[in-house]
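Single-structure report; data block below.
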Amino acid sequence: MKILTTGGHLTPALAFIDYVLGQSDPEFVFLGRKFSQIENQQRSHESQAIAERKIKFVQFQSGKLSYHSPLQLFAQTWQVLLGFVKATQILKAEKPDVVVLFGGYLAVPVAIASWLKRIPVITHEQTAVASLSNQIIGLFSKKIAVSHTTALTQFPFKKAVFTGNLLRQKLEEKNPTTPSWYKSTEKHPLLYVTGGNQGSQVINATITQILPQLTKDWVVIHQCGAPTKQTNYRQQLQNEMLRLSQPAQSRYYVKEWITEEELTWIYKQASAVISRAGANTTFELQHFGIPTIFIPLPFSHKQEQLKNAELAVKSGGSIVLSQKHLTPETLLAALKTLSLTLGSRRKKMLLHDGNTQGTKKLWKLVKSYATK
């Protein structure tokens, strides 16, 4: 069986690929961006992750489904059309038996081209709120696998099916290796800070202002995101770190990106997390029972990050702090509240641990629609 896949949500795509490779021996083709930032030739996370798995990677680009001016609308529409032509060429060359998509603007022209070539499409929706891209993709899909029952009503009744979100098998490793860069022997609890794959300017700026207080009580691992045209987050944070005392400096680690192996270890060791509220991050933090301060991205589609966070908070283990109310003072106050009740919060979260059979259910669905 040959499976072609792409999508804006890399984490569940990798979870699916790893599970399937562990069950059988299909041939995968992954479409994605070679560079996350073309200007500085920064290699994308998807190209690196796929290369590590020795899967065929085909460079692919398309227009986004958002614009702020008529000129941008024209440019993006043109890019989508070019993406459709490219997708058609790739499908003709690769001849996949089934196409599995994980949302995002890259997947839209692939879905349309696959439908026209009568190749079955299965798409997976990670969030509690259906994304615009997946609502379009759903029109051309045989089935739409959703992670939350709340999303079932947002797609055609006969197409939507609940599978749950997809957990990466690697994260379940019982004895992960300590990252080579982690040298701390402190007994302070571990705090993990992340703004998502791209990092968060707002979270980074706030952390910069409270490093002395944080490193007094915690060992901090901070995933800040890669440099942009405007800002080098890591450099700024490292400069601020140098203002700390030597003992405090040894309790702060700033990384542009955290690998899957490193994250596996962090999830086992972290006492608390400060994070955005992407669908996969909230799912993983819930699964591993790590009390979290969620700072939802306020500009996400239909407030999807806020809704992800609100679902997570229902378990009683986490706190939502809106970006509107985010200040150094409010973040420290929220962290203090969290730290005083870490044990009870973790127990509540583990009692509410959700569906972890998503990969198995999705694979069963994909097999049932493959043409060969």
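The values are calculated or read from the model by the stated rules, or taken from the named source; none is laboratory data. In this text the structure is predicted, and so the values were computed from the model without any measurement. When we count neighbours, we look across all protein chains shown, and the Cβ atoms used for this are built from the backbone with ideal geometry, even at glycine.
Structure above, values below:
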read-out	value
Region 125-178 - residue that is assigned to a helix (DSSP H, G or I) and of a type in the set (S, T, N, Q) and, of those, surrounded by the most Cβ atoms within 10 Å (Cβ to Cβ)	ASN134
Candidates ILE258, ILE207, filtered to the one that is assigned to a helix (DSSP H, G or I), aliphatic (A, V, I, L, M) and in contact with a strand residue (DSSP E or B) (Cβ under 9 Å, 6 or more places away or on another chain)	ILE207
Helices (runs of 4 or more DSSP H) wholly inside region 267-372 that include at least 2 residues being among the hydroxyl-bearing types (Ser, Thr, Tyr) and farther than 18 Å from ALA128 by Cβ	328-340, 358-369
Residues of region 95-120 that turn out to be assigned to a helix (DSSP H, G or I) and crowded, with 17+ Cβ neighbours inside 10 Å, as a count	9
Sole exception among (1) modelled with pLDDT of 85 or more; (2) in a helix (DSSP H, G or I); (3) over 19 Å from ALA370 (Cβ atoms) for PHE57, by number	(2)
Test: residue in region 238-245 that is polar (S, T, N, Q) and in contact (Cβ under 8 Å) with a residue 12 or more places away in the chain	yes
Residue list for region 294-308, restricted to those being within 14 Å of the chain's Cα centre (by Cα) and aliphatic (A, V, I, L, M)	LEU297
Residues satisfying the stated conditions in region 183-198, i.e. crowded, with 21+ Cβ neighbours inside 10 Å and among the basic types (Lys, Arg)	none
Residues (under 12 Å from THR5 (Cβ atoms) and at pLDDT below 95) located in region 72-106	GLY103, GLY104, LEU106
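Quick grid of which residues meet (1) farther than 24 Å from PRO296 by Cα; (2) of a type outside the set (Asp, Glu); (3) surrounded by 21 or more Cβ atoms within 10 Å (Cβ to Cβ); (4) not assigned by TED's automatic domain parsing to the domain that holds LYS336:
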residue: SER200; (1), (2), (3), (4): no, yes, yes, no
residue: LYS216; (1), (2), (3), (4): yes, yes, no, no
residue: GLY225; (1), (2), (3), (4): no, yes, yes, no
residue: GLN235; (1), (2), (3), (4): yes, yes, no, no
residue: GLU240; (1), (2), (3), (4): yes, no, no, no
residue: GLN246; (1), (2), (3), (4): yes, yes, no, no
